[in-house]
1. If you take the beta carbon distance between Glu19 and Lys176 as r and set R0 to 51 Å, what does 1/(1 + (r/R0)^6) give as a FRET efficiency, to the nearest 0.05?
2. Would you mind pulling out the separation of the Cα centroids of segment 54-77 and segment 188-232, in Å?
3. Calculate the FRET efficiency for Asn37 and Ile157 from the Cβ-Cβ distance with a Förster distance of 56 Å, rounded to the nearest 0.05.
4. Between Gln337 and Ser215, what is 0.36 nm times their sequence separation minus the Cα-Cα distance? Round to one decimal in nm.
5. Length gain on complete extension for the stretch Trp30 to Ala229, per 0.36 nm per residue less the alpha carbon to alpha carbon distance?
6. Using the per-residue mean of other Cβ atoms lying within 10 Å as a proxy for protection, in what order, highest first, do the peptides 184-191, 62-69 fall?
7. Output wanted: per-residue J couplings in Hz (rounded whole) for segment 66-75, from phi through Karplus 6.51 cos²θ - 1.76 cosθ + 1.60, θ = phi - 60°, x for Gly and Pro.
8. From the Cα gyration tensor of segment 153-209, with a ≥ b ≥ c the square roots of its eigenvalues, which class applies: rounded if a/c is under 1.5, or else prolate if a/b is larger than b/c, or else oblate?
Amino acid sequence: MALRLIKLIPPGNFDLDDELVHRDDIVDRWIHKSDDNKPEINMLVDVELTEKILGEIESRFSGNDDYRLVLFPVAATLPSQPAEEEKKKKEEEDRKSENDSEKKRVKRISREELYEDIKEVVDSSWVYLVLIALSCVVAANGLIRDSAAMVIGAMVIAPILGPNVGLSLATTLGDKGLMKRSLVSITYGFFLVLALSILMGIFITLDPDVYEISSRTTVSFADIALGLAAGVAGCLSFTRGISAAVIGVMVAVALLPPLVATGLLLGSGLYDLALGAGLLTVTYIICVNLSGVITFLVQGIKPHSFTKKREGEEFSRYAIIIWVSLLVMLSLIIYFQYS
């Protein structure tokens with residue numbers, strides 16, 4: 001069972017006997033006072049209950065700035081909770097929430113923790129741009145030399161996952177700030193890759209018949225499935241609180257090689273093939289972002305306040321309509337192209 005530690009420094013008039021502290025669904029609690037005699041309440045909780053508890057605390061102290069809430073990941077704790085006790089506790093909670101969908105435990109980390117994790121990887125710094133440039137150079141060499149190993153190596157260093165998942169989360173929450181940062185990061189990265197690959201295509205002799213290039217000049221329904229799977233996997237890697245490194249490779253495999261192939265083919269003057277590679281890139285972009293938004297919505301990720309919730313629902317609705325419309329158009333192109 002994954003755990004989180006919630007540290008709450010409440011307002012000065014807070015009653016330490018409050019039911020907010022002495023709730024039955026937490027693993028353990030302890031209270032101590034700091035040097036200035038201000039209480040610190042520590043609650044050890046199941047990660048799946050974190051969002052519910054944070055929401056209750058935020059609602060309780062809404063409009064009050066005289067409190068501080070900090071969330072910590074827990075690597076391990078001793079003594080561990082007995083398996084039988086944990087099982088009984090889960091069964092009891094399931095019975096209580098059986099007829100109330102709003103109270104069901106979400107099988108993911110909290111919205112707040114998810115937001116902070118994704119915000120950290122939405123980047124447009126010089127380090128991000130250098131990594132993008134390096135991955136582009138390595139991927140281009142892999143494509144030109146028909147080396148799958150080099151292409152995979154480029155995917156390992158390509159920081160593409162964060163901005164795309166950030167865009168999906170921003171759309172789900174209606175967060176304009178995160179959406180702007182994600183779009184800036186994606187735009188900078190994609191234009192840098194395209195510019196570098198076009199430049200390499202101008203000066204390097206290119207054989208368009210090698211497998212690593214030719215396989216990325218056509219689009220099929222299998223590519224739609226790959227893009228959707230990559231988007232779902234990328235979002236789940238964050239919501240489950242696991243390492244996104246391996247999943248990031250999968251998303252990068254979907255997005256970076258066809259974009260690099262597009263630039264190389266444009267630089268070499270092979271415009272028909274470049275169109276096919278560009279269409280494949282667009283297909284992956286649409287699928288990754290569409291499946292990302294749907295994955296977040298299915299997991300119940302939404303803004304906390306009513307106003308922001310309404311905004312988030314509007315953003316999500318419009319985004320899904322746009323992405324689905326584009327996907328239908330691409331599907332029709334694929335169908336008529338190969339029928």
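1. Efficiency at R0 = 51 Å is approximately 0.90.
2. Between the Cα centre of segment 54-77 and that of segment 188-232, the gap is 45 Å.
3. Here the calculated transfer efficiency is 0.65.
4. Details: separation 122, 0.36 × 122 = 43.92 nm, distance 1.59 nm.
Full extension of this stretch gives 42.3 nm more.
5. Stretched out fully, the Trp30 to Ala229 stretch lengthens by 67.3 nm.
6. Details: 184-191: 18.1, 62-69: 10.8.
Result, highest mean first: 184-191, 62-69.
7. 8, 8, 9, 10, 10, 10, 10, x, 10, 6
8. Numbers: a/c = 3.68, a/b = 2.53, b/c = 1.46.
Taking the square roots of the gyration eigenvalues as a ≥ b ≥ c, segment 153-209 is prolate.
Each value in this text was obtained by applying a stated rule to the coordinates, not by laboratory testing. Please read all numbers here as calculations on a predicted model, not as lab measurements. Positions of Cβ are backbone-derived with ideal geometry, glycine not excepted, and every protein chain shown enters the neighbour counts.
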